[in-house]
Amino acid sequence: MGGVPRTSPFFLLSMLLSFIVPVYNNAAAFAQCRRSLLPLVESGIAEIVTVDDGSVAPLVPDGHGVRLLRTDHRGAAAARNAGIEAATGEFVWFVDADDIVVMDGIECLIDDLRSMPKWVPMMHIGRMVIQSSPQEKPAAGVPDASATLCCRPLSLVRPRSSIADHTTNIVRRSWLMEHSELRYPEDMSILEDTVFALRVVESAGQCMCNDTYRFYCHRTFNQSTTAGAWSAERSGRFMGDICRFFVFLRSYADRHSAFAAVGRFFERMRYVYLRVATVKGCPRRDLDRLVSVVGRPSPCPMWFYLFVAFLCRTFRQKR
């Protein structure tokens, strides 16, 4: 996509955002991600803090608003935490290396970030639409910036609800630096991003919220650590983290039982990860372990999940 014209208001503003992008052995995907973010970098609005998480073939620094950190391979959570410490922008925004960000409507978002009161630590964007193909044209129209409002978290801030309707948070860096406990859990290799997001929302007290934004991105590569069917070893490792997540989420839901959206989020995540464990072909011991934490599945009986998991183990390639 083309750069932002020098006559744009972007060009007159100081650096505002730090995009934090962990990269591990997916340089080709990151190259496209970087190109999609360059309009803001070239306009002086943003920097890209790239954390090379011990890739076999190290990334080559290319300068021009892109800062490169190299760390030993410790996972995406540790890479993002290193990015927080290294960032210099007023706000941090976490982007995956295989995301391509479509800039439609970003102008209103930048204006709202600039006008946020200093005591508000984060902006919550209610809808982040994942495109399945880079050829899909985003819906036309400018977000309704007048709908941005200051609110108590959880009463109007909704957790991510589905694969096509995500949420994202842009967090004030100085506030994160004052709250060192708000970091990605480095001992988790799955769902660590959701734990971080929920902790941030819970701790924020006040945030800007706008459900009218449509922040478009699409995935260029499927290099997720959870892609494909899971071997027994991988299933056991991930299931430990998934169960820990649900213990955290149940406690979180209990603390905020007044908000129906949190309860619905728990129920949806329970359904999603019972389905995930099934289609990944997890062994029965791991399915039983998950059920012992989240409760018995419904409406499908347990034998149905076990049967589908058996078929997936039989016919799908393990990773």
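In table form, for the structure just shown:
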{"read-out": "Charge context of MET188, other residues only, Cβ under 13 angstrom, K/R +1, D/E -1", "value": "+1"}
{"read-out": "Order of GLU90, GLU47 - criterion: other Cβ atoms within 10 Å of each residue's Cβ, fewest first", "value": "GLU90, GLU47"}
{"read-out": "Kirkwood-Stokes translational diffusion coefficient of segment 232-315, alpha-carbon pairs, 4 °C, 1.567 mPa s, µm²/s", "value": "98 µm²/s"}
{"read-out": "For segment 16-26, Karplus couplings with θ = phi - 60° (6.51, -1.76, 1.60), whole Hz, Gly/Pro x", "value": "10, 10, 10, 7, 9, 10, x, 10, 9, 6, 9"}
{"read-out": "Sorted by Cβ neighbour density within 10 Å, fewest at the top, the residues MET122, MET208, MET116", "value": "MET116, MET208, MET122"}
{"read-out": "Neighbour-count ranking [beta-carbon atoms within 10 angstrom, fewest first] of GLU42, GLU233", "value": "GLU233, GLU42"}
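A short reminder: the numbers here are calculations on the coordinates, not readings from a lab. Since we're looking at a predicted model, the values are computed, not measured. All Cβ positions, glycine included, derive from the backbone under ideal geometry; neighbour counts span all protein chains shown.
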